[in-house]
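Have a look at the structure below before the remarks.
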Amino acid sequence: MAAIAFTPNTEQAVALASTAHRLLVRAKAGTGKTALLIEHARRNSHLRLLYVTFGKANQEDAAARFPQNVTTKTSHGLAWEVGGQFKKTGKQGDLFPSQLAKAYNIPMAFARHLRETLHNFMVSADSEILPAHVPSMIGDADKPKAVEWAVLVWSDLLRLRQWSRGCGESQAERAEFLDTTPLRMPHDGYLKLWAMTNPELHHRYDAILLDEYQDTNPVFAAVILRQSCPVRLAGDDFQSIFGFRGAYNAFDPAQFDEVVTISESHRFGPAIAKLATMLLTEFTGEQQPVRSSRADLATRFEVDRTQPYAIIGRTNARLFASAVALLGTKRLHFVGGVDEYPFDKLVEVHHLRANTGAQLRDPLISAFASFSQLEAYAQDTDDKEIHSLISVAKQYGDQIPSLVSQIKAACVSKIEDADVALLTAHRSKGLEFPQLVLLSDFHNLITDGGLPLALDTPELRQELHLLYVALTRAKSAIELNEQILAIVRYCETAGRVSTEALAASNSTVQGGGAALVVAGEPEGDFAAAEYGVGAFANVAELVGADAALLFDGDELESRIELAILRQGLLTAAGLADALGGSVGEVADAVATMVRCGRLSAVLFLDCEAVTQRLVTNIQLDAA
Ligand SMILES: Nc1ncnc2c1ncn2[C@@H]1O[C@H](COP(=O)(O)OP(=O)(O)OP(=O)(O)O)[C@@H](O)[C@H]1O
């Protein structure tokens, strides 16, 4: 990738000039944290630098952008020297409660607590398993017993290494253990083990650059702070989204010699900056606004689908539905690689449900003898991923294996070659896209009663962060989702945002007079009282758009596309029910969309009303 022309602004110049041994750069989205670290590396080309970031996609992106003197890694990549030892014996992978239940013949509920205890230990900076790692669901009196169990499992996990044997264990015993155990060393397990070797990165690198510091867990934070070489950290407290992995910003500003704040985003124009500020102010009381350096950049609230664009969803299930809807019309790219998305698992869930007798390979799914057992497990554990796989399996039924194959076939390996990039909000961190569609499967932060939720749990705060991260990935065009539109509507009625200020922020239309449109497409009836034309007109007003453009010519087609994307509706009757209008009218529109390449015909194979129309047309064409 070509080097970025980088002219630091005043705040960035302060960070670049800092000679602090430990520097913390706190900055909002798009303010140039990564660009700053790249520039620092460029200016110090004589130094061997280590750049650590969160997630493989970010690391790969960085590898192409940083100069030669920089080694780019994720924390798990650094720990792979240990993780690889488990891989060699085929024993590296996810560790599910079902595996613990099977390995130790213990009830699933206890296996779940045991897994959580181990997880809490692995991500902590502690060197032994303690009662504090046991979840609060287990009473204090029982915690020592739970610790004993976790110690036993941890020692068995260590035996999974190629060369490691348990105390007094013979070669034959070890071989039998490896053959029969369902245990796997999870990613956080080998990271922990690596951290326990006290890695001395300062011997290999002259300085360390750590991006996305807000997603660092205590175990890795301790590794970084132990190094004697200079360290530069950059991040955004509001982009902490990996709390479920135990990564709740483990750094304290007091541990740093200098803290620099950067406030101006270069990624997007003032309208997105205002929306991002609104999210943070309303739900966290944050005082510092997100500012944009791009006063000239007017945001388009409509995506031009003839040009490449990205789709960010909260859940894999909705991304699957989106990909299905695009089959036959677009080249797709799943950011991070399609195999990183649980589509093979979905096929296995389908086989289990349909009882096809297919050999199941997934370590979790294959542990269940029947679909009802899997459903009971999802219920017991409240495992959201399994819940969503189950619901997608039910919705798409026998079509699943074929749809997954078609999605894979429609995928291109390079994002540059794709028409549409699909990714989850979690994977979107650190990335940016000229055009972006946000799916409406994020957590609703406005209640049914129209009031904002109190974000009084870490999990709910992470949901806000996810929305903020997703929103701030857009550069010039974005289609907002229902969740953000609901917040805008609330803020406007509560008088929290100044209509004039927001409208003014987007009024600097670029040369050529680009249209400013709030897409604002709701699910269901566009004119339904639930949303109301008035409310949308206000949203449009807020960002200086022309509300009339919301109701343009191909309104029904847009609504159909959206209902397919968001609700997975694949019959004319289902669509007519959700959108209003007759089945015939909707089937006509769908057939037109198929014929002009906007939708794939395979989606509607089960819908007689649509196929009839298509067949009639094919016959007429042939005649
Ligand atoms: N001083 C600058 N002048 C012009 N463009 C800049 C400047 N600093 C950063 N940029 C550009 O702004 C965009 C955002 O930068 P970058 O990705 O480094 O931000 P970030 O703070 O790491 O974002 P996030 O935390 O949201 O992922 C990039 O396209 C980058 O090239």
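Each value in this text was obtained by applying a stated rule to the coordinates, not by laboratory testing. Predicted model, so just to flag it, every value in this text is computed and none were measured. All Cβ positions, even for glycine, are placed from backbone atoms using ideal geometry, and neighbour counts span all protein chains on display.
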**Study point:** Additional length obtainable on full extension of the chain from residue 459 to residue 126, 0.36 nm per residue less Cα span
**Key:** 117.5 nm
Exercise for review: Please report how far the C-alpha centroid of segment 292-363 lies from that of segment 424-503, rounded to the nearest whole angstrom.
Suggested key: 20
Point to revise | Relative packing of 395-405, 298-308, which averages over residues the other C-beta atoms within 10 Å, highest first | key: 298-308, 395-405
Point to revise | GluC sites (Glu not before Pro) within segment 74-164: DSSP coil, no more than 14 neighbouring Cβ in 10 Å | key: 128
**Study point:** Residue-count net charge about residue 338 - beta-carbon cut-off 11 Å; Lys, Arg +1, Asp, Glu -1
**Key:** -2
Exercise for review: Name the lysines eligible as straight-distance cross-link partners of residue 88: C-alpha to C-alpha under 26 Å, and not fewer than 8 places from it in the same chain.
Suggested key: 56, 73, 102, 192, 345
Check your understanding: Could you name the aspartates and glutamates in cross-link range of residue 408, using Cα to Cα under 13 Å and dropping any fewer than eight places away on the same chain?
Key -> 339, 340, 344
Study note, to complete from the structure: Subtracting the Cα-Cα distance of residue 582 and residue 493 from 0.36 nm times their residue separation yields 28.5 nm
Check your understanding: Taking R0 as 45 Å, what's the FRET efficiency between residue 172 and residue 384 from their Cβ-Cβ distance, rounded to 0.05?
Key -> 0.60
Check your understanding: Counting only the backbone N, which residues of segment 366-383 are under 20 Å from the spot 7 Å out from the Cα of residue 103 toward its beta-carbon?
Key -> 366-369, 381
Practice item. Let me have the 222 nm mean residue ellipticity of the chain computed from DSSP H runs of 4+ only, each contributing -39500 (n - 2.57), with the sum over all residues rounded to the nearest 500. Key: -13500 deg cm²/dmol
Point to revise | Added length on full extension, which subtracts the Cα-Cα distance from 0.36 nm per residue, residue 48 to residue 94 | key: 13.2 nm
